[in-house]
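The structure under discussion appears below in the form of structure tokens.
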């Protein structure tokens, strides 16, 4: 099932939380939804799932309009909200049985056992939810979202509170699910987005400021040649600026960052400079913008 968002706007009083955004996510695609706090990510996700009405614009799943009243369509959508509301007095398995009854899942015990295994809740399934750590509560939320085997998964900060081992497991699960489902997930962890998402949308102040693969977003900002070089000896900035093609030299500890005047590779010139001045180079490599740096530039943070 595909998700299509067109000219979506949400207004609270005088504030536009979401400002006329449009995008489409197809089946078999994992979309990373990024943005600073208050950018409009969670609001957009709530509208897509039908939990919140839009002020204007449309959201369709497989061409069918999403609304608060469209209960039938919601059977095809799994949602893990950022707040992950749970019943602390219920036992883990009891809660999943309750959710299964709401979804009217046939043979619920088999499906519950499968979800408990997939999300790693086996050890904790007989505990009350209120006794669980934040990471395990997050796993319960994930199990609930996937319980009815939805074709569309909307996950708002799905790895929040997980330890490093749990992170790897859940990232792998999301990647696997994305092969035959439509997945939209938000995260503040850039490495996670790079590892899992096929495509990235960055939203800032309610508007989309980027929509592309992580690699393409990075390459756009990597059109300037910057190299890092570490010398064994002390070198003066004025001397480095005499290297052919170098316009800027910035020192960071024992390492110099040299920026080229254009896109031309200056590493050979740096090597020749070191040779002519009898300097020992301990390292020389081209620097590239990370997705985190791309995010900072596009959101002004």
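Values as computed for the structure displayed
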| read-out | value |
| --- | --- |
| Residue-span extension gain [residue 58 to residue 293] - 0.36 nm each, minus C-alpha spacing | 81.4 nm |
| Expected 222 nm ellipticity per residue - DSSP helices of 4 or more, -39500 (n - 2.57), all of the chain, to 500 | -9500 deg cm²/dmol |
| Percent of C-alpha pairs per 5 Å bin, the stretch 1-121, short to long | 2, 9, 16, 19, 17, 15, 11, 7, 2, 0 |
| Added length on full extension, which subtracts the Cα-Cα distance from 0.36 nm per residue, residue 255 to residue 65 | 62.8 nm |
| Estimated distance in nm for a label pair at residue 265 and residue 97, the labels positioned 7 Å out from Cα along Cα-to-Cβ | 6.5 nm |
| Percent of beta bridges antiparallel (DSSP, the chain, rounded to nearest 5) | 70 percent |
| Label selected from (1) 15.9; (2) 14.3; (3) 19.6, the criterion being mean projected area of the Cα convex hull in nm² as computed here | (3) |
| Computed label-point distance, nm, for sites residue 286 and residue 51 using a 7 Å Cα→Cβ extension | 4.4 nm |
| Top of 32, 57, 283 by mean-square fluctuation, Gaussian network on the chain, Cα under 10 Å | 283 |
| Computed over the stretch 1-96: relative contact order in percent, which uses C-alpha pairs under 8 Å that are six or more apart | 28 percent |
| Whole-Å distance, taken between Cα centres, linking the stretch 41-100 and the stretch 190-251 | 38 Å |
| Choice from 194, 104, 138 with maximal GNM fluctuation in the chain (Cα, 10 Å cutoff) | 104 |
| The stretch 101-150 versus the stretch 277-301: alpha-carbon centroid distance in Å | 43 Å |
| Residue 126-residue 163 FRET efficiency (beta carbon distance; Förster radius 22 Å; 0.05 resolution) | 0.55 |
| Relative contact order of the stretch 191-301, defined on C-alpha pairs under 8 angstrom at six or more residues apart (%) | 31 percent |
| Computed lengthening from residue 248 to residue 110, 0.36 nm per intervening residue step minus Cα-Cα distance | 43.3 nm |
| Listed residues 243, 203, 64, most fluctuating in the chain (Gaussian network, C-alpha, under 10 Å) | 243 |
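A short reminder: the numbers here are calculations on the coordinates, not readings from a lab. Remember, predicted model here, so these are calculated numbers, not experimental data. Cβ sites come from the backbone with ideal geometry, for glycine too, and all protein chains shown count toward neighbours.
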